[in-house]
Amino acid sequence: MIERIKQLQAEVEAMYAANADELEALRIKYLSKKGEVTELFNEFRNVPAEQKRELGQQLNALRTLATDRINTMREQFEAAKEAADKPDLTRTPDPVALGSRHPLSLVKEEIIDIFSRIGFTVEEGPEVEDDRHVFGMLNFAPEHPARDMQDTFFVEKEEGVQKPTDILLRTHTSSVQTRVMTTQKPPIRVLCPGRVYRNEAISARAHCFFHQIEGLYIDRNVSFADLRQALLYFAKEMFGADTQIRLRPSYFPFTEPSAEMDISCNICGGTGCGFCKQTGWVEILGCGMVDPNVLEACGIDSKQYSGYAFGMGVERITNLKYRVKDLRLFSENDVRFLRQFESC
Ligand code: PHE
């Protein structure tokens, strides 16, 4: 019997179960009613009295060993099962779907980046403005049509009372320029990005709000050549080194002389296509030398200082860059549209 105990002891020490079922099979093999260890206890009755003490101790030790080994393994399987049921908080997460930046933000940032390289800094101002900052100080005549309710959204001072009021939603970010000119001393070199509002019917080509970036540079001896050079630099950085610009005389109340700038069509390269209406040129911004009346209205001595200003629609530039045909896509938050900018 002593031999059998030793043999079983070695087996129990080496026993291994890969899963809970195999472990149960081991328990049955050794410890169940007909198990091999249990069988030895049955045989123990026939052992001579003088050997009982020693063999009894060894048998008990064998049973304890087998029970402990099986219980330990069972606990391990149970712990593993419990862990599998619970989320593992230390695991690396699955890739999360990333959002994308809005195309108007991408283009706005790019424009700011280009001008910041030649010294422009960003200034922002309120969207709800007064007449003075949007029109008055910018040399708009009192009867200018932009002051008409058909063109501009006025803010009611009292409910139901629409006029007279001089509070309105800004129609251009030139209002930020008047704020900067009245609070800062030249040299001034600022970019004014922001949302502007105009009373237009919403269609593919017009919206009641859109985004502008305007620029203003005031210093001694600023000339139209400086303006042209800055805009040529911008056009080449934004649309490629081959881009050409063309300045056409125009009119704005706050600049004299004024111009509109075209760039060579970046879709056909200037040879003529549907986008540029076969002209080879597309208009992208308005600009000019700040009218001395504006400088004086803002408290800047127009005999000492001169300046240039320009303003562009961010939607227009985005349209050229990403060929977005319908303006409404920019504000409808259709994820099928927005997702296309994920890698930009
Ligand atoms: N404020 C003009 C607009 O909204 C753009 C502009 C800015 C033109 C500065 C000339 C100079 O259309």
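Observations on the model:
Yes/no matrix, rows are residues, columns are (1) over 20 Å from THR318 (Cβ atoms); (2) at pLDDT 95 or above; (3) not basic (Lys, Arg):
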residue: PHE140; (1), (2), (3): yes, no, yes
residue: ASP151; (1), (2), (3): yes, no, yes
residue: PHE154; (1), (2), (3): yes, no, yes
residue: ASP166; (1), (2), (3): yes, no, yes
residue: PRO193; (1), (2), (3): no, yes, yes
residue: TYR197; (1), (2), (3): no, yes, yes
residue: ALA230; (1), (2), (3): yes, yes, yes
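- Failed item in (1) open to solvent by less than 60 Å² (accessible area, probe 1.4 Å); (2) within 15 Å of the ligand (Cβ to nearest atom), with PRO292 passing the rest: (1)
- Those residues of the stretch 263-286 which are in a loop (DSSP other than H, G, I, E, B), modelled with pLDDT of 90 or more and surrounded by 19 or more Cβ atoms within 10 Å (Cβ to Cβ), in sequence order: CYS265
- Qualifying residues in the stretch 15-40 (those that are among the hydrophobic types (A, V, I, L, M, F, W, C), more than 60 Å from the chain's Cα centre (by Cα) and open to solvent by less than 80 Å² (accessible area, probe 1.4 Å)) - the one nearest to GLN51 (Cα to Cα): LEU40
- Residues in the stretch 295-304 that are part of a loop (DSSP other than H, G, I, E, B) and surrounded by fewer than 20 Cβ atoms within 10 Å (Cβ to Cβ): GLY299, ASP301, SER302, LYS303, GLN304.
- Residue satisfying all of: in the stretch 244-291; of a type in the set (Val, Ile, Thr) and touching a Gly at 6+ places or on another chain (Cβ under 7 Å); farthest from HIS144 (Cα to Cα) among these: THR271
- Filter result for GLU332 (within 15 Å of the ligand (Cβ to nearest atom) and open to solvent by 10 Å² or more (accessible area, probe 1.4 Å)): no
- In the stretch 224-239, the residues that are touching a residue at least 40 places away in the same chain (Cβ under 8 Å) form Cβ pairs under 6 Å with partners that are open to solvent by 30 Å² or more (accessible area, probe 1.4 Å), at six or more places apart or across chains, as follows: PHE239/ASN266.
- Restricting attention to the stretch 69-110, the residues that are acidic (Asp, Glu), more than 25 Å from ARG328 (Cβ to Cβ) and open to solvent by less than 70 Å² (accessible area, probe 1.4 Å) add up to 0.
- Residues satisfying the stated conditions in the stretch 237-267, i.e. farther than 20 Å from VAL324 by Cβ and acidic (Asp, Glu): GLU237, ASP242, GLU256, GLU260
- If you go through the stretch 310-324 and keep only what is open to solvent by less than 10 Å² (accessible area, probe 1.4 Å) and within 13 Å of the ligand (Cβ to nearest atom), you end up with PHE310, MET312, VAL314.
- Helices (runs of 4 or more DSSP H) wholly inside the stretch 129-242 containing at least 2 residues that are more than 16 Å from the ligand (Cβ to nearest atom) and open to solvent by 10 Å² or more (accessible area, probe 1.4 Å): 174-183, 224-239
- Members of the stretch 41-64 that are touching a residue at least 24 places away in the same chain (Cβ under 8 Å) and open to solvent by less than 30 Å² (accessible area, probe 1.4 Å): VAL47, LEU55, LEU59, LEU62
The values are calculated or read from the model by the stated rules, or taken from the named source; none is laboratory data. Here the structure is a predicted model, which is why all the values come from computation and not from measurement. Counting neighbours? That spans all protein chains shown, and the Cβs are built from the backbone with ideal geometry, glycine included. Only protein heavy atoms, including side chains, enter the accessible area calculation; ligands, DNA and RNA are left aside. Shrake-Rupley method; radii C 1.70, N 1.55, O 1.52, S 1.80 Å.
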